[in-house]
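Structure first, then comments.
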Amino acid sequence: MAQVEAFIVDVGERGMDNVTSSLYSMHALHLASSDANAVVMATVREAESGDARCETNDTTNVILVIGESYNKRHASIYGYSLETTPNLLAEMQRGNLTVFKNVVSPYNTTSLTLKNALSCCSRSKHEEWKNKPLIMSTFKRAGYDVVWWDNQLGDENKKNVFAFSLNSIFFNKKIIESCYTLRNEQSFEYDHQLVDDFLNSHYLQKSTSAKRLLVFHLLGQHLMAVNRYPNEDKYNHFTPDSVIMQASYIDDAARVQIAQYDNATRYNDAVMAQIIEIFRDDNAVLLYFSDHGEEVYDYRYSIGRSHSRIKTKNYLRAQNEVPFMVWCSDKYMKSHPQVVMRLKKSVDRPFMNTDLVQILLDLGEIRSSQRVERFNPISDAFQPTPRIVFNTLDYDSVMNN
Ligand SMILES: [Zn+2]
C-alpha cells in the first residue's frame, strides 16, 4: 500500500484517466484491506491488553482538533496582515494559546498524513503505521472516554478512495467497538454544524467519566474554500479588494479565490472559538493541527495541491508547512504550570505533525510503552530527527540549501 500511495502522491488524482483510476482503486482497495487488518489487530489488542495507565486522578479533557488544508501564511497568528484569526490571536495574547512555528507534514494528502499522525508508530524508528495501534486505543486503555465527531465521514462520496481508505480504518467495526465511547453518524455542510451536533448529543452533561479524549475532525479550508463557510454577510468578511498580494500574476479570478480562502480561514477561527468556549471553564487542554497545507497563489498561478515531481522550497512551504497549536484553559494552566512552561519552551522546535501522538500521551498524562520521550517535541528530552517528506525527501536540506 505504501508504494501505491507514493504513486498517487507523485501522479495525483487529476493525473489519472478513468481506466487507470478504476484499476488504481481496485488495487488500492485490496492493499488497503490488508493494511486495515494489521492496524485493526494492533489497535484492538492495545485497547484490550495494552500497558497504558493514566497517572492522574484529576478530571481531564484532552481535545484534539484535526484541521484540513490550512496554509499558515494566511493566519494572523502566523503574521498574516489580514485579520483571519481574531479569536485565536486573542487567546494567544491572553497567554492561553501556544503557537508552534516550525511544524511540517510528511505528505500533502489527508489519508497518508492522518494514518501516520494517529498511529503510535515512530517514523524516526522506521516503524510502519499499520503495525502499531491507533492512539484512540491507548487512551481508551488508560481509562479515557474516547469521543469522535467527524465531518469527513464521506458517506455521500464513495468514489473518493482516499476518504474510503482512511474511514474504513478509523471506523472499522472492531475499532468502533473497542475504542469509541461515542461518535457521530452524520457529516455536515459546515463545521459549526458538526460542533452543534456534538452539543446536541449532551455527552458532556451525561458523561460520568473523569477523563475524556474528544476529537473533532473538520472540513477546514478544503477546496473549494467558498463551500466551507455559509454565504452570509458576517462570513463574507473579505472581498477581492481586501487581497494584499501584489504579485504580477494575480488577476481578478485569483483575487476572488484568495478572498474566499481568507474567509474560510476566518470561519475556521470562529469554529475554534466555538469549541474553546465549550471547555473554557473546565480543566481542558486542546491541540489543533492541520493535516497539510495548500497553495493559495502564494508563489505561482496555482491553488490547491499539485503533486509535482519537483518539490521546491516554495512548494514545500505552501503544501507541507502546517499550523500546530495548543490551547490551555485557565484551570489547566493553574493545575499544570510545568506543562505550560514546557509548551512555551518548545515553540521553535522542528518536528512533524506525525509526532502528535507523543504530545497527546504527555498531555493525557499517560504512562505507556508507546511513549518515547526523545520523540516528544514538548519534552526536555526531545531530540530532533530528520524530517522526511514524501517518503524520501529531507525537508530541512531542501529548505537550507
Ligand atoms: Zn487533507
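Every read-out reported here was derived from the displayed coordinates using simple, explicitly stated rules and does not represent laboratory data. Model, not experiment: these values are computed from the prediction. Virtual Cβ from ideal backbone geometry, glycine too; neighbours counted across all protein chains shown.
Along the stretch 307-321, what does the Karplus equation 6.51 cos²θ - 1.76 cosθ + 1.60 (θ = phi - 60°) give for ³J(HN,Hα), rounded to whole Hz, x for Gly and Pro?
Result, ordered by residue: 6, 7, 5, 8, 10, 8, 4, 4, 4, 5, 4, 6, 9, 10, 6 Hz.
For the pair Tyr299/Met245, report the inter-label distance in nm, with labels modelled 7 Å from Cα in the Cβ direction.
Inter-label distance under the simple model: 1.3 nm.
Based on the mean of other beta carbon atoms within 10 Å per residue, what is the order of 193-202, 231-240, most packed first?
Order by mean packing, descending: 193-202, 231-240.
In nm, give the distance between the simple-model label positions of Ser308 and Glu55, each being 7 Å from the Cα along the Cα-to-Cβ direction.
Label-label distance for Ser308 and Glu55, simple model: 4.6 nm.
So how much slack lies between Met341 and Ser168, counting 0.36 nm per residue of separation and subtracting their Cα-Cα distance, in nm?
58.4 nm
When ranked by the protection proxy of mean other Cβ atoms within 10 Å per residue, highest first, what sequence do the peptides 132-142, 333-343, 272-282 form?
In descending order of packing, they fall as 132-142, 272-282, 333-343.
How much length would be gained if the chain were fully extended between Ser201 and Glu128, taking 0.36 nm per residue of separation minus their Cα-Cα distance, in nm to one decimal?
Roughly 22.7 nm would be gained on extension.
Can you list residues from other chains, or at least 5 along the same chain, whose modelled amide H is less than 5 Å from the amide H of Asp150?
Asn184, His217
Along the positive direction of the dipole of the stretch 2-400 (beta-carbon charges: Lys, Arg +1; Asp, Glu -1; about the Cα centre), which of Tyr315, Asn87, Tyr235 reaches farthest?
Sorting the options by dipole projection puts first Tyr315.
Efficiency by 1/(1 + (r/R0)^6): what FRET value for Ser397 and Val256, r their Cβ-Cβ distance, R0 = 30 Å, to the nearest 0.05?
0.20
Using a cut-off of under 16 Å, list every residue of the stretch 196-236 whose amide N is near the label point 7 Å from the Cα of Glu189 along the Cα-to-beta-carbon line.
196-197, 219-220, 224-236
How long are the semi-axes of the equivalent ellipsoid of the stretch 2-400, taking √(5λ) for every eigenvalue λ of the Cα gyration tensor, in whole Å from largest down?
30, 26, 21
To the nearest 20 debye, what is the magnitude of the charge dipole of the stretch 2-400 about its Cα centre, counting +1 on the Cβ of each Lys and Arg and -1 on the Cβ of each Asp and Glu?
Using Cβ point charges on Lys, Arg, Asp and Glu, the stretch 2-400 gives about 1080 debye.
Pull out the extension gain between Arg374 and Lys101, defined as 0.36 nm times the separation in residues minus the alpha carbon to alpha carbon distance; nm, one decimal.
Computed gain between Arg374 and Lys101 is 96.3 nm.
Using only DSSP helix segments of four residues or longer, with each worth -39500 (n - 2.57), what per-residue ellipticity at 222 nm results for the chain after dividing by its residue count and rounding to 500?
-12000 deg cm²/dmol
Could I have the simple spin-label model distance between Glu83 and Asp233, label points 7 Å from Cα toward Cβ, reported in nm to one decimal?
The modelled label-to-label distance comes out at 1.6 nm.
If I require 15 Å or longer along the helix axis, counting alpha carbons, and a Kyte-Doolittle average no lower than 0.0, what helices from the chain are left? Use full DSSP H segments.
18-49
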